Amino acid sequence: MTLKKAGLVLALSALLAPGSWAQDAGAPPDSAAATTVVFEEVVIKGIDPLAAGTGAEGWVWAMRHWSPPAEPRDLAGGRIQAQLGVGRWGYAFRGDVSGMPGEFSPDKPETFRTLEGHLAVHRNFAGAQGVKLGAAAGVGAGFSLEKQGGETPRTPHSTTWGGGLHVSGPGWWAYALFGRHQALPGFAGVVTYQVRASERTAAVGTFAVGERGAYVAQFGVAVRWF
């Protein structure tokens with residue numbers, strides 16, 4: 001039943017019920033207000049403000065990649081993402097055409113094009129003013145779309161994974177995870193975000209810091225195509 005239909009049913013019940021304010025001329029004039037209050041309480045109790053959303057989007061972007069000592073590189077790419085919300089749980093998938101640093105030959109790091117897949121799960125536990133905060137875990141991997149001399153680039157790890165936090169609000173989301181980043185040595189902290197600037201545009205990026213000061217920074221502007 002929709003909220004409008006529920007409101008109509010409650011209004012009719014208040015009008016037709018025996019002893020209601022509509023039939024009892026002696027009833028106080030604020031009885032109708034009492035009926036409205038009851039209706040509002042039912043609506044509020046029926047909606048969990050921490051429920052995770054469900055949806056899917058597709059984006060294309062222009063992105064700059066920094067990962068010294070590799071030279072900065074500008075790449076066109078894109079993303080298809082989807083999330084299934086089940087109560088306060090969110091199950092998300094991202095497929096990115098992006099870039100990542102690696103080595104085609106020893107001691108010669110370069111940024112190469114990648115096809116990436118990422119899975120994440122989070123559960124919201126706090127929120128205010130439309131902003132939701134939850135515990136999160138994720139795993140992903142990138143596969144090179146480039147070769148040099150028939151060789152694919154090498155990275156310190158084969159996957160990216162970690163645990164931490166997920167935060168979201170109207171038109172934006174971010175993950176802050178600690179674990180490993182495929183392109184960085186040792187353990188790393190990784191922040192990935194998407195902030196919508198309008199109905200069709202958004203700022204996107206990833207920033208990760210590993211051991212010995214190594215880092216990966218990716219910042220771009222995306223246009224939504226579905």
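Residue 51 - would you say it is assigned to a strand (DSSP E or B) and either modelled with pLDDT of 50 or more or assigned by TED's automatic domain parsing to the domain that holds residue 156 (or both)?
no
Does residue 174 meet the test of being within 19 Å of residue 98 (Cα to Cα) and without any contact (Cβ under 8 Å) to a residue 24 or more places away in the chain?
Yes.
Only residues that are touching a Gly at 6+ places or on another chain (Cβ under 9 Å) and acidic (Asp, Glu): list them for the range 47-73, please.
Across the range 47-73, the qualifying residue is only 48.
How many residues, within the range 112-128, are charged (D, E, K, R) and in contact with a Phe, Trp or Tyr (Cβ under 9 Å, 6 or more places away or on another chain)?
The number of residues fulfilling the criteria is 2.
Conditions first: (1) closer than 22 Å to residue 174 by Cα; (2) surrounded by 20 or more Cβ atoms within 10 Å (Cβ to Cβ). Residue 111 passes all but one, so which condition is the exception?
So residue 111 meets the others, but not (1).
Please state which one of 131, 43, 97, 60 is modelled with pLDDT under 95 and among the aliphatic types (A, V, I, L, M).
None of the other options fit; the residue is 43.
Residue-wise test of (1) in a strand (DSSP E or B); (2) under 28 Å from residue 212 (Cβ atoms); (3) not assigned by TED's automatic domain parsing to the domain that holds residue 68.
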position: 91; (1), (2), (3): yes, no, no
position: 96; (1), (2), (3): yes, yes, no
position: 122; (1), (2), (3): yes, no, no
position: 146; (1), (2), (3): no, yes, no
position: 157; (1), (2), (3): no, yes, no
position: 168; (1), (2), (3): yes, no, no
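The values are calculated or read from the model by the stated rules, or taken from the named source; none is laboratory data. Predicted, not measured: the structure shown is a model, and the values here were computed from it. Here Cβ is always computed from backbone atoms with ideal geometry, including for glycine, and neighbour counts include all displayed protein chains.
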